[in-house]
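Input: a single structure, listed below in structure tokens.
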Amino acid sequence: MIARRAFALSLAFLLGGCSGIQSALGRDGRHGEIFGGLFAIFLAVTLFVYLIVIAFLLAGIFRRRGKRQDGLPDEEGESREASLRKGLIGWAAFIALGLSVLTVASFVADRLMAQASGPDPLRIQIVAHQWWWEVRYEDADPSRTFRTANELHLPVGVPVQITLMSNDVIHSFWVPNLAGKQDLIPGRTTQIALHPTREGVYRGQCAEYCGLQHARMALDVTVEPVAAFRTWRTQQLLPAPLPRTPLQQAGLRYVETRECGACHSIVGTRASGQVAPDLTHLASRRTIGAGTYPMSRGHLYAWVADPQSAKPGNRMPHIPLEPDQLHAIVAYLETLR
Amino acid sequence: MIPQPRFAGDLSTLKTHAFGHRSMTWWGVIAFFLIEGTAFAMAFAAYFFLMNLEQGWPPPDFRPPGLVAGTLFTLLILLSEIPNTMLKHAAEKGQLRKVRRLLLLMVGLAVAMLVLRAFEFASLNVWWSDNAYGSIVWALLLLHAAHFATDWVDTVVLAGVMHTRHGQEGRKFVDVAENAMYWRFVWLTWLPIYVMIYWIPRWAS
Amino acid sequence: MTAKISPRDHDRDGEKLQGEALHFRLEKTWSREPGLWGWLSTTDHKEIGRRYIVTAMIFLALGGLVSLLMRLQLASPESGLISAQRYNELFTMHGTTMMFLFAVPVMEAIAIYILPLMLGTRNIAFPRLNAFSYWAYLSGGILLWAAFLLNIGPDAGWFSYVPLAGPEFSPGKRTDIWAQMVTFTEIAALAVSVEIVATILKLRAPGMTLARMPIFAWAMLVVSLMTIFSMPSVTLASGFLLSDRLVGTHFYNQYEYGDALLWQHLFWFFGHPEVYIIFLPAAGFVSEIVQTFSRRPTFGYTAIVLAIVAIGLLAFGLWVHHMFATGLPRVGYSFYTAASMTVAIPSGIQIFCWIATMWDGRPRFQVPLLYVVGFVITFVLGGLTGVMLASVPLDLQLHDTYFVVAHFHYVLVGGSVFPLLGAVTYWFPKFTGRMMSERLGQATFWLLFGGFQLAFAPMHLSGLMGMPRRVYTYPEGMGWDLTNLLSTIGAFIVALAVLMFVVNALLSMKRGQAAGANPWDAPGLEWATGSPPPVYNFPHIPVVTSRTPLWDNRAKLPVMTGLRVDEREQLLTTVIDARPDLREPSPIPTIWPFVASLALAALFVSSMFTPWAVVIGTPPLAAALVAWFWPKSPDVTPEPVIE
């Protein structure tokens, strides 16, 4: 039937064509594929039921009726009562059947997703803060663990197991292209498994209202070939490079001895604050401020000069800087690749 | 058009008061039972939820509440059911003098229990602000104390009313009977709370 | 020839006292003092019901205005129109106002007005409690909105999760005010629920067995019981929150063995039944409207009633579906998925019965029935997205996105607001004696229906495309720009339609076509008396012999006589069979419920600032309550002598 083909086509368009970098319809991981299939089943069944209801409604509205006294049952009416009663029972049974099908489909999908992870996963620990993500890549060898912030690099085709914790309020970790969400609840530890199957650049966002700047708590996710991931990881394990130009050195001095180092850490320098994002490889990230600004020299200037303007209320205070201080700091930060 | 009336029955011989579920206020009292009972049930659920988190019960370095005041209170409130039942029967039979005396007795007993309740608070061995165990234990005791105090005030007011000329109305005897029913709810809800405050911490630790 | 009139005959209605003479006497007995004092001390359910309805509609408008501001902000990406702080307050005020100050109260309000009329009695049960509950409700609403306008409004969302709403992350008074508003409105709702249960069980007309009761009455009975069993949970939860914030308890503090999830369980144990508390009265409206306008008794009365009861019970087993992302054991989640799916069965049964009534009847598509059609189209769609959300794997993507926002607006607006507007149009002639404009009503309906679809349908897409909830802005280039713009346009169309509805109502009150007692030729008892009804509702107590009394007794309505006319008196009937049982006095107007509510407000508001307020504020409240219940009459009326 033409209608069915049109329906299938639009479904395919919907599920494939509407996919962006932060989309539940993106099928970029094993979990996303299972979701897509389950959603298609639910959509088909519920749409079918809806069309039946609307058809019955339209029939009820436009049906041609003979003359009959108001409100009083008549002989024809009696037999209509009986057939309506049969219809009711049939309808109730039909709904129950449809719901059972959907429930079973849901359970099956759930089991499939549970099995979608795989052995020997990459282990990551995320601690959510108001309003940034602290990311720690684990390893059996402690000297191969490292911290970063507001981003994930993942090797394609490798299962990932992320332990989720919160430092303050309830947040929710959500990278829709890869999987559903999981809350980070203070006082509890939760887990989420990912299994990316397609390379690409994606965006995650906190999905549980967590206060003033909940809207600006995004996460940049890069899924890349295994070799590229290894290169990235090796780079991340390196300490910050020594600044070469006098301007950069002046920047490092400021960062180490003034406000910055009290909150931020830069491995290999004297800046060792633990309450703010680690900046060791800041300049290699895609965004600043958990998705507030794209990474660029100009935006670094804007953020450092006044972090409160684009993300008011965030925990980084506005520190009035002299122009040369600002130049020096940004020059240094740009070396942190 | 409003249809014309067709007279089909006479209501003038109906009485104006009755006991038990025939009375309107009985339904109001039952509804309040349901409301307060649900509140208690949710508090009990919160108690067990918190108990199942990882901690001691009570947490380390805290002792369970002292038994004396709470146990005395429990004994006294259970005993008070005897005059309470007598009061309910006297009200249903319309025996005004007996009702007056028993109401005063209940008021007095409740005062003694209020004193014991004060001692209970003092012997919990934990503050509400120490930890979640302390918070829920204080909450349970306070919820019941509010419950108890409200019924005490009701009993005082009824004792007052029954000593005036209003005491002769049939409807007032219904109020007394229903207040006696409420008193049963007060000690029935106390029993699980007694166990939860005084005994579970002893069994769990 | 007139029989000899004994003194007793003058005091009772009946053959010897009816018509104009009876009306005069009853009106004298049942009226209140004119002026402000009378208005504050009234015990008339119709007057209290009217003020409840008007107040709830004002909160609807306020909650709607707030949402227009939200939509203006979201119409374009990275909009600087509204700050983050202000936006967070706006969405909190929108949800809180709609859920606590509009949706539940408006349903109760209509029940307060129409149920005693529908059931054939003279007043609601516990009329002084009714008066008190209105003032408690109003106090809560004023507290919330005054705080918002004074810039200390709550900003933690309408369900106020901890630890965000706790003392550490929401310092100051904002969340205290939210929590105390909850306490006020819960007290009001519980009080009304008690009244409704007692009215339905004990004050029905003789012959109105439970099986002949209007479906709306069944809906309100179930809803009131649901309220009684669910609202204590949120009262306890908000009480714990207040005490964590104000006196240092640790119910929700994980550092001292408390738990943030305790809040979620306690809140959603209430929160899920709450949405059915909002929907089921609307199901009652639909049943009444569809019957009258299809000109046949509702098909499947028993099925609908059983479905209502089933929904009422099932609603208590679903709450964890709001918590699928919190990491609770997966095995437990399966139960809640199955239960959440199951609730679609009774809902589907009801939909069938309503459509079947239209199909088998001779429908007239006047405005109330249009709203029923709009309801079916919209609510069923929302119910189906609800079925999607019941599945854990689907929910883990869709939870906390605009998909959920679309879902719940479809079920709440489609499932409750459309029937509500239909019901208001339907009962407007009964309340005011005039008809609303049919033409304006039709235009309003179409505008509202279209505007609603435009506002909320695109949100399904935004959610699927990754837009989370409760964000004050969003980046460019996410693919969300168009859907958000469409939603904003739709929202303004909805606002225009609501405005049209209000204008229709106001104009019609002055200049609407005069309505008789039963302008729609409806079957229910409320149409067996004047429009608006006299203050005593019915001159004689009607007797009922079927589910559609006025259709079966068009010429003459059987009545029972013999209640006193000089004292306010009602008839108590037995619970199941509605046999006449007792005569019950109904309280005369009194100022004490109002005074008690002032004492309550003083106690609750001041206790947000110091715990000593509880000690100082309780005696005045107790005194007001004692004065309220102290027996009144200076001359004791002796019991009538049975001859």
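The values are calculated or read from the model by the stated rules, or taken from the named source; none is laboratory data. All figures in this text were calculated on a predicted structure; none of them were measured in a lab. Reconstructed Cβ throughout: ideal geometry from the backbone, glycine too, with neighbour counts over all protein chains shown.
Among the numbered conditions (1) crowded, with 24+ Cβ neighbours inside 10 Å; (2) in a helix (DSSP H, G or I), the only one that residue C:251 does not meet is (2). Residue under question is residue C:543, and the condition is that it be modelled with pLDDT under 95, under 28 Å from residue B:27 (Cβ atoms) and either at the interface with chain B (Cβ under 7 Å from one of its Cβ atoms) or in contact with a Lys or Arg (Cβ under 7 Å, 6 or more places away or on another chain) (or both); does it hold? Taking the combined requirement at face value, the residue does not satisfy it.
Across region C:315-332, the number of residues qualifying as surrounded by fewer than 19 Cβ atoms within 10 Å (Cβ to Cβ) and part of a helix (DSSP H, G or I) comes to 5. Pick out the one residue from A:106, A:100, A:166, A:79 that is modelled with pLDDT under 90 and of a type in the set (Ser, Thr, Tyr). Answer to the selection: A:79. Among the residues of region A:177-194, those that are crowded, with 24+ Cβ neighbours inside 10 Å and more than 7 Å from chain C (Cβ to nearest Cβ) comprise A:177, A:178, A:179, A:184, A:192, A:194.
Hey, does region C:401-422 have a residue that's in the same structural domain as residue C:450 (by TED's automatic domain parsing), polar (S, T, N, Q) and surrounded by fewer than 21 Cβ atoms within 10 Å (Cβ to Cβ)? Within region C:401-422, none of the residues are in the same structural domain as residue C:450 (by TED's automatic domain parsing), polar (S, T, N, Q) and surrounded by fewer than 21 Cβ atoms within 10 Å (Cβ to Cβ). Once region C:11-34 is narrowed to residues that are of a type in the set (Gly, Ala, Ser) and surrounded by 15 or more Cβ atoms within 10 Å (Cβ to Cβ), the residue that is farthest from residue B:8 (Cα to Cα) is C:31. For region C:390-405, name all the residues that are outside any helix (DSSP H, G or I) and either more than 7 Å from chain A (Cβ to nearest Cβ) or touching a helix residue (DSSP H, G or I) at 6+ places or on another chain (Cβ under 6 Å) (or both). Scanning region C:390-405 gives C:390, C:391, C:399, C:401. Kindly indicate whether residue C:33 is modelled with pLDDT under 95, within 14 Å of chain B (Cβ to nearest Cβ) and out of contact with any His (no Cβ under 7 Å at 6 or more places or on another chain). No. Selection of first residues in region C:494-517 that are of a type in the set (S, T, N, Q) and of second residues that are modelled with pLDDT under 95 and surrounded by 18 or more Cβ atoms within 10 Å (Cβ to Cβ), restricted to Cβ pairs under 7 Å at least 6 apart or on distinct chains, gives an empty result. One residue is enough: does region C:478-491 have a residue meeting the conditions surrounded by 16 or more Cβ atoms within 10 Å (Cβ to Cβ), in contact with a Pro (Cβ under 6 Å, 6 or more places away or on another chain), within 14 Å of chain B (Cβ to nearest Cβ) and part of a helix (DSSP H, G or I)? Looking for residues that are surrounded by 16 or more Cβ atoms within 10 Å (Cβ to Cβ), in contact with a Pro (Cβ under 6 Å, 6 or more places away or on another chain), within 14 Å of chain B (Cβ to nearest Cβ) and part of a helix (DSSP H, G or I), one finds none in region C:478-491, hence no. Each residue in region C:193-240 was checked for being in a helix (DSSP H, G or I), over 26 Å from residue C:317 (Cβ atoms) and among the β-branched types (Val, Ile, Thr), and 1 pass. Scanning region C:406-450 for residues that are touching a helix residue (DSSP H, G or I) at 6+ places or on another chain (Cβ under 9 Å), in a helix (DSSP H, G or I) and among the charged types (D, E, K, R) turns up C:430, C:438.
For region A:198-244, the candidate set comprises residues that are within 24 Å of residue C:400 (Cα to Cα) and of a type in the set (Gly, Ala, Ser); within that set, the residue that is surrounded by the most Cβ atoms within 10 Å (Cβ to Cβ) is A:207. Within region C:270-302, the only residue that satisfies the criterion of being among the hydrophobic types (A, V, I, L, M, F, W, C) and either outside the structural domain of residue C:353 (by TED's automatic domain parsing) or surrounded by fewer than 23 Cβ atoms within 10 Å (Cβ to Cβ) (or both) is C:275.
In the condition set (1) surrounded by fewer than 24 Cβ atoms within 10 Å (Cβ to Cβ); (2) over 17 Å from the mean Cα position of the chain (by Cα), residue C:138 is compliant with all but (2).
Considering every residue within region C:368-389, establish whether at least one is within 10 Å of chain A (Cβ to nearest Cβ), touching a helix residue (DSSP H, G or I) at 6+ places or on another chain (Cβ under 9 Å) and not in a helix (DSSP H, G or I). No, the conditions are met nowhere in region C:368-389. Report whether or not residue C:520 is at the interface with chain B (Cβ under 9 Å from one of its Cβ atoms) and in contact with a helix residue (DSSP H, G or I) (Cβ under 7 Å, 6 or more places away or on another chain). Considered against the rule, which asks whether it is at the interface with chain B (Cβ under 9 Å from one of its Cβ atoms) and in contact with a helix residue (DSSP H, G or I) (Cβ under 7 Å, 6 or more places away or on another chain), residue C:520 comes out as no. On inspection, residue A:59 fails the criterion of being within 7 Å of chain C (Cβ to nearest Cβ), under 28 Å from residue C:546 (Cα atoms), modelled with pLDDT of 65 or more and in contact with a helix residue (DSSP H, G or I) (Cβ under 9 Å, 6 or more places away or on another chain).
For region C:254-269, the count of residues that are in contact (Cβ under 8 Å) with a residue 24 or more places away in the chain and hydroxyl-bearing (Ser, Thr, Tyr) is zero. Just one of the numbered conditions (1) in a loop (DSSP other than H, G, I, E, B); (2) closer than 30 Å to residue C:288 by Cα is not true of residue C:190: (1). Return the residues of region B:8-39 that are among the acidic types (Asp, Glu) and either within 7 Å of chain C (Cβ to nearest Cβ) or surrounded by fewer than 18 Cβ atoms within 10 Å (Cβ to Cβ) (or both); say none if nothing qualifies. Scanning region B:8-39 gives a single hit, B:10.
The set of residues from region A:195-212 being within 12 Å of chain C (Cβ to nearest Cβ), of a type outside the set (D, E, K, R) and within 16 Å of the chain's Cα centre (by Cα) comprises A:202, A:204, A:205, A:206, A:207, A:209, A:210. Scoring residue C:335 on the criteria (1) surrounded by fewer than 21 Cβ atoms within 10 Å (Cβ to Cβ); (2) out of contact with any Asp or Glu (no Cβ under 7 Å at 6 or more places or on another chain); (3) within 10 Å of chain A (Cβ to nearest Cβ) leaves a single failure, condition (3). Answer yes or no: is there a residue in region B:114-137 that is over 16 Å from residue B:198 (Cα atoms), under 16 Å from the mean Cα position of the chain (by Cα) and in a helix (DSSP H, G or I). Checked region B:114-137: at least one residue is over 16 Å from residue B:198 (Cα atoms), under 16 Å from the mean Cα position of the chain (by Cα) and in a helix (DSSP H, G or I).
The test for being more than 13 Å from chain C (Cβ to nearest Cβ) and modelled with pLDDT under 95 holds for residue B:205. Inside region A:43-55, residues that are at the interface with chain C (Cβ under 8 Å from one of its Cβ atoms) and either within 21 Å of residue C:366 (Cβ to Cβ) or of a type in the set (Gly, Ala, Ser) (or both) make up a count of 0. Since residue C:509 meets every condition but one in (1) touching a strand residue (DSSP E or B) at 6+ places or on another chain (Cβ under 7 Å); (2) not in a helix (DSSP H, G or I), which condition does it not meet? All conditions are met except number (2).
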